[in-house]
Amino acid sequence: MAGFIDITDEQKENYNKVVNHPLQSYEWGEFRKKTGVKVIRRGRVSNKKNVEGTRPELVEGFTLTLHKVPRTKFYVGYLPKGNLPTDELLDELKRIGKQENCIFIQLEPNVIASEAKQSLNSHLSSLNLKLAAHPLFTQYTFMLDLTQSEEELLANLHPKTRYNIRVAKKHKVKVVEDNSQKSFEQYLKLMMETINRQGFYAHTPSYHRNMFEILTKNQELRTKNQLLYHLLNALYRPTTNNEPITLSSWILFAFKDTLYYPYGASSREHREVMANNLICWEAIKFGKKLGLKKFDMGGALGPELDKNDPWYGFHRFKEGYGAELVEFVGSYDLVIKPAIYEIYKVADKLRWTLLRLQKIISR
């Protein structure tokens, strides 16, 4: 026998053992609650026999967020970076979707493509899944093997990347971890500057404040499977008479054996000192210091590059660190209300067209 149960605070350690990404961690769910989003966190238990008899064991878990469709009574569910969907999981999600009046639930499994992708795609119709109409995560990332020695990692850098790191060191750029409130405020200032400069869509300041507040709370009481939040700053002193200024700030997550780079911000000033190159290299060394095995460097384009893509520069920057381009299985919509889903897709496409137009006009 097996079934799903609600996960309580007392079960968070066991829950984190059976999920495989920060966005499915117990701590992330607590943060999402703080933002006002409805969070459903469940775990599937099975009865495991041992010498003492039968006892329930948590074998699978998920955190689902529900988002209200404006001016309607409907919701959209979102399950990012979960495990590969099982029949049991999809049945539970269908039940929740009907109960919560969801149009659909989007799943973006944290599962490497290849055979898993082929298997999932071949069962789309039987699983009631469709390829997502509007994926939120990129299908690719750069993954760096941190079990290599520092010498091996350095040797695998692109020559230009290695050169830029030397430039930053020559200018005495220093990278430090600083998880203080003052450091966070500086990060937030740089983040807003970066958003305005590059013109992309991003989370609000309150979103980042809530994240900082929740994910840095009680970090001194670390447990093995806890999600940990780290803030790295690249500092530069233009002259000996100046106080150091922050040129780049990166938020890093450490979860299980992997380091993640979800958010970063940089200044338009003193770009010639190559602070971004050094902070990335120091992040790699930081992950090794923590004893982690992998560094997920975040979103990337696919193998066929388009120089006109706004993410082209980010892709080439990450590519310079010798990481492997990894493809995930992709994004899927578990459709609960088929007729309304078709209407929603048209409305959502129109909404994004208008948002992009507003961005162009406001420039």
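The values are calculated or read from the model by the stated rules, or taken from the named source; none is laboratory data. Keep in mind that what you see is a predicted model, and the values were worked out from it rather than measured. Heads up, the Cβs are rebuilt from the backbone with ideal geometry, glycines too, and the neighbour counts pull from every protein chain shown. Calculation scope for accessible area: heavy atoms of the full protein, side chains included, ligands and nucleic acids excluded. Shrake-Rupley method; radii C 1.70, N 1.55, O 1.52, S 1.80 Å.
In table form, for the structure just shown:
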{"item": "Residues of segment 23-50 satisfying the condition of being of a type outside the set (F, W, Y) and within 15 Å of R222 (Cα to Cα)", "result": "S25, E27"}
{"item": "Residue in segment 142-181 that is nearest to M211 (Cα to Cα), counting only those that are open to solvent by less than 50 Å² (accessible area, probe 1.4 Å) and in contact with a Gly (Cβ under 6 Å, 6 or more places away or on another chain)", "result": "L146"}
{"item": "Answer from G322, G302 - the residue that is surrounded by 15 or more Cβ atoms within 10 Å (Cβ to Cβ), in contact (Cβ under 8 Å) with a residue 24 or more places away in the chain and in a loop (DSSP other than H, G, I, E, B)", "result": "G322"}
{"item": "Residue tally, condition at pLDDT 90 or above and under 20 Å from K170 (Cα atoms), over segment 209-243", "result": "6"}
